[in-house]
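Report on one structure; see the data block that follows.
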Amino acid sequence: MMNEQNLIAAAEEFAKAELGGDHTGHDWWHTRRVRNTAALIAEREGADRGICILAALLHDVADEKLNPSKEAGLDKVRSWLAGRMDDGERLEHIMSIIETMSFSGGGGQPMATPEGRCVQDADRLDALGAIGIARTMVFSGAKGRPVYDPETAPREETLKQEYRDYSKGTAINHFYEKLLKLKDLMNTDYGRKLAEERHRFMLLYLEQFYREWNQGTE
């Protein structure tokens, strides 16, 4: 079985192979950013850095958006880990983080461990700020959503099936349906600090967007 350093290196290669062709904003570079941010938050919060890095690296490999089902994605990651690590407790810790960290419309389940809270914050931070805006536009384009339609109101998404209905809505509405909610859902002190700055940037972006959209109509 691999030591942690080799396991992390192998997980990086696995994530690159699985996510390298993604064009929805859930690609390898997203995973790399989440890994780096999760490690940074873990250091500030005193969490297990290795657990955080592995869960961050594998979280989108298991994502149901990129697999036939949530169960299929989780089984794929579990099998991969089981073939490379013999510490069952750490394996289950990693899997529990991956399984429960999704936003899923209503905000997702509370994370049970400090490591889970660090990784969830890191993933949510990548949906905020300038990168979050860029990822929203890429994802919306990939799913056929328009940028904006003033006649389409944001949805009050409370159920998982509503959140996963990618055919509806607009990119701008997604700010109100998810992105602007994330600041108040952060778990850690350092995550909240980083989220505040990115949240403010998104509000400035929306202000400028509406100013340009409505130019000449006032």
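Quickly run through the stretch 20-39 and pick out the residues that are among the hydrophobic types (A, V, I, L, M, F, W, C) and touching a helix residue (DSSP H, G or I) at 6+ places or on another chain (Cβ under 8 Å). Result: Trp28, Val34, Ala38, Ala39. Val147 - would you say it is hydrophobic (A, V, I, L, M, F, W, C), modelled with pLDDT of 95 or more, part of a loop (DSSP other than H, G, I, E, B) and more than 15 Å from Lys178 (Cβ to Cβ)? Yes, satisfied.
Within the stretch 188-217, restricting attention to residues that are surrounded by fewer than 19 Cβ atoms within 10 Å (Cβ to Cβ) and assigned to a loop (DSSP other than H, G, I, E, B), the residue that is nearest to the chain's Cα centre (by Cα) is Asn214. Report whether or not Val34 is within 12 Å of the chain's Cα centre (by Cα) and either at pLDDT 95 or above or surrounded by 22 or more Cβ atoms within 10 Å (Cβ to Cβ) (or both). It is true that Val34 is within 12 Å of the chain's Cα centre (by Cα) and either at pLDDT 95 or above or surrounded by 22 or more Cβ atoms within 10 Å (Cβ to Cβ) (or both). For the stretch 50-75, the tally of residues that are at pLDDT below 95 and surrounded by fewer than 23 Cβ atoms within 10 Å (Cβ to Cβ) stands at 13. All conditions but one from (1) in contact with a Phe, Trp or Tyr (Cβ under 7 Å, 6 or more places away or on another chain); (2) in contact (Cβ under 8 Å) with a residue 12 or more places away in the chain; (3) surrounded by fewer than 20 Cβ atoms within 10 Å (Cβ to Cβ); (4) more than 20 Å from Thr136 (Cβ to Cβ) apply to Thr24; the one that does not is (4). Within the stretch 64-79, residues that are free of Cβ contacts under 8 Å to residues at least 40 places away in the same chain have Cβ atoms under 9 Å from residues that are surrounded by 12 or more Cβ atoms within 10 Å (Cβ to Cβ) and of a type in the set (Phe, Trp, Tyr) in these pairs: Val77/Phe14, counting only partners at least 6 apart in sequence or on another chain. Residues that are modelled with pLDDT of 95 or more and more than 21 Å from the chain's Cα centre (by Cα) within the stretch 86-98 comprise Glu89, Arg90, listed in sequence order.
Candidates are the residues of the stretch 99-135 that are modelled with pLDDT under 95 and outside any loop (DSSP other than H, G, I, E, B); the one that is nearest to Gly191 (Cα to Cα) is Thr100.
Yes or no: the stretch 37-45 includes at least one residue that is acidic (Asp, Glu), more than 14 Å from the chain's Cα centre (by Cα), surrounded by 18 or more Cβ atoms within 10 Å (Cβ to Cβ) and in a helix (DSSP H, G or I).
Start the filter on the stretch 37-45 by keeping residues that are acidic (Asp, Glu), which leaves 43, 45.
Going one step further and asking which of them are more than 14 Å from the chain's Cα centre (by Cα), we end up with 43, 45.
Then drop every residue that is not surrounded by 18 or more Cβ atoms within 10 Å (Cβ to Cβ), which leaves 45.
This time we only want the ones that are in a helix (DSSP H, G or I), so: 45.
Yes, the conditions are met somewhere in the stretch 37-45.
Taking every residue in the stretch 151-178 that is assigned to a helix (DSSP H, G or I) and at pLDDT 90 or above and pairing it with any residue that is charged (D, E, K, R) and surrounded by fewer than 19 Cβ atoms within 10 Å (Cβ to Cβ), at least 6 positions away or on another chain, the pairs with Cβ-Cβ distances below 9 Å are Ile172/Asp149; Asn173/Asp149; Asn173/Arg155; Tyr176/Arg155; Glu177/Arg155; Glu177/Glu156.
The values are calculated or read from the model by the stated rules, or taken from the named source; none is laboratory data. Owing to the predicted nature of the structure, the values given are computational and were not obtained by experimental measurement. With ideal geometry, Cβ positions are generated from the backbone for all residues, glycine too; neighbour counts draw on all protein chains shown.
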